[in-house]
Amino acid sequence: MKKLIITIVLTLTIIIGLYFIWRNLPLTINRSSDIKLGEQIIEKIENYKKTNGLPDNNDWETLRKFGFRDKIDFLEPEYNKLNENSYELVYVEGFDGPYLLWNSKERIWKMNFPTIRKTQ
């Protein structure tokens, strides 16, 4: 019985330790597939922007062509056109942030909160 308890405690300790290690890895490791998809989408948006300007937030037909994943009610990652020259891609997970985010001003992937757009 004592050996079983030690085994259970040791197993739980290892699982918790691995979880914290995973959470603290650089984004390029534990979010590599999301970043890879995002980079492909960014390249397509930038090419489109040269001739057409940035697509609107609700231009789902154009955004789907860029490779956004269609989740029926929303696209993943979320696309936010902030103004005529800048935009963000956001991987929203759950209700609380921060979220994996890329914006066209800083041009880096980071964990942060999306920019709140001013409505006109």
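The values are calculated or read from the model by the stated rules, or taken from the named source; none is laboratory data. Just so we're clear, the structure is a prediction, and the values are computed from it rather than from any experiment. Reconstructed Cβ throughout: ideal geometry from the backbone, glycine too, with neighbour counts over all protein chains shown.
Only one of these is surrounded by 11 or more Cβ atoms within 10 Å (Cβ to Cβ) and in the same structural domain as Pro114 (by TED's automatic domain parsing): Glu61, Glu76. Name it.
Glu76
Any idea which residue in region 1-56 is farthest from Lys110 (Cα to Cα), counting only those that are surrounded by 12 or more Cβ atoms within 10 Å (Cβ to Cβ) and in contact (Cβ under 8 Å) with a residue 60 or more places away in the chain?
So, considering only residues that are surrounded by 12 or more Cβ atoms within 10 Å (Cβ to Cβ) and in contact (Cβ under 8 Å) with a residue 60 or more places away in the chain, the one farthest from Lys110 (Cα to Cα) is Ile42.
Exactly one condition in (1) surrounded by 11 or more Cβ atoms within 10 Å (Cβ to Cβ); (2) closer than 22 Å to Pro114 by Cα is not met by Glu84; state its number.
Only one criterion in (1) surrounded by 11 or more Cβ atoms within 10 Å (Cβ to Cβ); (2) closer than 22 Å to Pro114 by Cα is unmet by Glu84, namely (1).
Pick out the one residue from Lys71, Lys36, Lys44 that is modelled with pLDDT under 90, assigned by TED's automatic domain parsing to the domain that holds Trp109 and either in contact with a Ser or Thr (Cβ under 8 Å, 6 or more places away or on another chain) or farther than 19 Å from Pro114 by Cα (or both). Before you say what the answer is, go through the steps one by one.
Working: Lys36 fails: modelled with pLDDT under 90; Lys44 fails: modelled with pLDDT under 90.
Of Lys71, Lys36, Lys44, the one residue that is modelled with pLDDT under 90, assigned by TED's automatic domain parsing to the domain that holds Trp109 and either in contact with a Ser or Thr (Cβ under 8 Å, 6 or more places away or on another chain) or farther than 19 Å from Pro114 by Cα (or both) is Lys71.
For residues that are in contact (Cβ under 8 Å) with a residue 40 or more places away in the chain and touching a Pro at 6+ places or on another chain (Cβ under 6 Å), scanning just region 88-114, find the one that is surrounded by the fewest Cβ atoms within 10 Å (Cβ to Cβ).
Met111
How many residues, within region 93-110, are modelled with pLDDT of 90 or more and touching a strand residue (DSSP E or B) at 6+ places or on another chain (Cβ under 8 Å)?
Within region 93-110, the first condition is being modelled with pLDDT of 90 or more, and the residues that meet it are 99-110.
Filter once more, keeping what is touching a strand residue (DSSP E or B) at 6+ places or on another chain (Cβ under 8 Å): 99-104, 108-110.
The number of residues fulfilling the criteria is 9.
Would you mention how many residues in region 1-43 are within 13 Å of the chain's Cα centre (by Cα) and basic (Lys, Arg)?
Adding up the residues that qualify gives 2.
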